[in-house]
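Take a look at the structure set out below.
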Amino acid sequence: GQNIDQPTEMTATEGAIVQINCTYQTSGFNGLFWYQQHAGEAPTFLSYNVLDGLEEKGRFSSFLSRSKGYSYLLLKELQMKDSASYLCAVRSPIKAAGNKLTFGGGTRVLVKP
Amino acid sequence: DVKVTQSSRYLVKRTGEKVFLECVQDMDHENMFWYRQDPGLGLRLIYFSYDVKMKEKGDIPEGYSVSREKKERFSLILESASTNQTSMYLCASSLRSGANVLTFGAGSRLTVL
């Protein structure tokens, strides 16, 4: 089975740093994704980790530890536009079809002035 | 840019009606997916397809069927809509190779009365 856990909601101040944790227990692992979803919009791709370590992309960084079944998304220098839901998703292999993504419940981040 | 277009943004249907949700992508992606998104439950995979006329059940296929007659089009069918199928439905597509980054459509919000 697949189990992906992340906090439901976090609040932070503009200019600060927020870390969103994601823990997973899945049958098969082929990478971990983070998506951003603004209210009423489609999720958009933020980052992808397949090996252990930190991937940095501007203000956003994502970390993966496969042995611990753990990832985090770090958002630095928070801006009001970063208020959104952040979705953790694990990719796992399926038959001959390649891979599928299983999503956590999402973390709603509210950035306050 | 990859575009995934969902034909209806909002639908209101009555219990027992047959419902078709259409999804078209324009970047020649092999894989296509249907998810539903509910508060607190995140995105859950209903069905996916990795090739024309191929379909695979996701995590919650009961009450749904799909059709993929052409590579660019993936339809979700609710044979007899029920109130518990009121939800946001998201279509996504990806290449079969590489990281399989999903590109999502804007979503179809279905209300079943």
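The values are calculated or read from the model by the stated rules, or taken from the named source; none is laboratory data. Treat the numbers as computed from the prediction; the structure is a model and nothing was measured. Cβ atoms come from the backbone with ideal geometry, glycine included; neighbour counts cover every protein chain shown. To get the accessible areas, we keep the full protein, side chains included, count just its heavy atoms, and leave off ligands, DNA and RNA. Shrake-Rupley method; radii C 1.70, N 1.55, O 1.52, S 1.80 Å.
Listed here are the residues, each with its yes/no results for (1) modelled with pLDDT of 95 or more; (2) charged (D, E, K, R); (3) farther than 26 Å from B:TRP34 by Cα.
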site: A:GLN2; (1), (2), (3): no, no, no
site: A:ASN30; (1), (2), (3): no, no, no
site: A:ASP52; (1), (2), (3): yes, yes, yes
site: A:GLU56; (1), (2), (3): no, yes, yes
site: A:PHE60; (1), (2), (3): yes, no, yes
site: A:SER65; (1), (2), (3): yes, no, yes
site: A:SER85; (1), (2), (3): yes, no, no
site: A:ALA96; (1), (2), (3): no, no, no
Only one of (1) under 15 Å from A:TYR24 (Cα atoms); (2) within 14 Å of another protein chain (Cβ to nearest Cβ) does not apply to A:SER85, and that is (1)
Of the residues that make up the stretch B:19-40, is at least one basic (Lys, Arg), surrounded by fewer than 20 Cβ atoms within 10 Å (Cβ to Cβ), more than 10 Å from every other protein chain (Cβ to nearest Cβ) and without any contact (Cβ under 8 Å) to a residue 60 or more places away in the chain? no
Just one of the numbered conditions (1) outside any strand (DSSP E or B); (2) crowded, with 19+ Cβ neighbours inside 10 Å is not true of A:SER62; which one? (1)
When you look at B:ASP59, is it open to solvent by 50 Å² or more (accessible area, probe 1.4 Å), within 8 Å of chain A (Cβ to nearest Cβ) and of a type in the set (D, E, K, R), yes or no? yes
Regarding B:ALA99, is this residue in contact with a strand residue (DSSP E or B) (Cβ under 8 Å, 6 or more places away or on another chain), open to solvent by 10 Å² or more (accessible area, probe 1.4 Å) and within 14 Å of another protein chain (Cβ to nearest Cβ)? yes
Strands (runs of 3 or more DSSP E) contained in the stretch A:1-56 and holding at least 2 residues charged (D, E, K, R), touching a Ser or Thr at 6+ places or on another chain (Cβ under 6 Å) and open to solvent by 30 Å² or more (accessible area, probe 1.4 Å): none
Quick one: which of B:GLU17, B:GLU62, B:GLU69 is outside any loop (DSSP other than H, G, I, E, B) and not aromatic (Phe, Trp, Tyr)? B:GLU69
Give just the number: which of (1) free of Cβ contacts under 8 Å to residues at least 40 places away in the same chain; (2) within 20 Å of A:GLY104 (Cα to Cα); (3) surrounded by fewer than 17 Cβ atoms within 10 Å (Cβ to Cβ) does B:ALA106 not satisfy? (1)
With the structure loaded, tell me whether B:LEU76 is away from chain A (no Cβ under 11 Å) and either in contact with a Cys (Cβ under 9 Å, 6 or more places away or on another chain) or among the aromatic types (Phe, Trp, Tyr) (or both) or whether it fails that test. yes
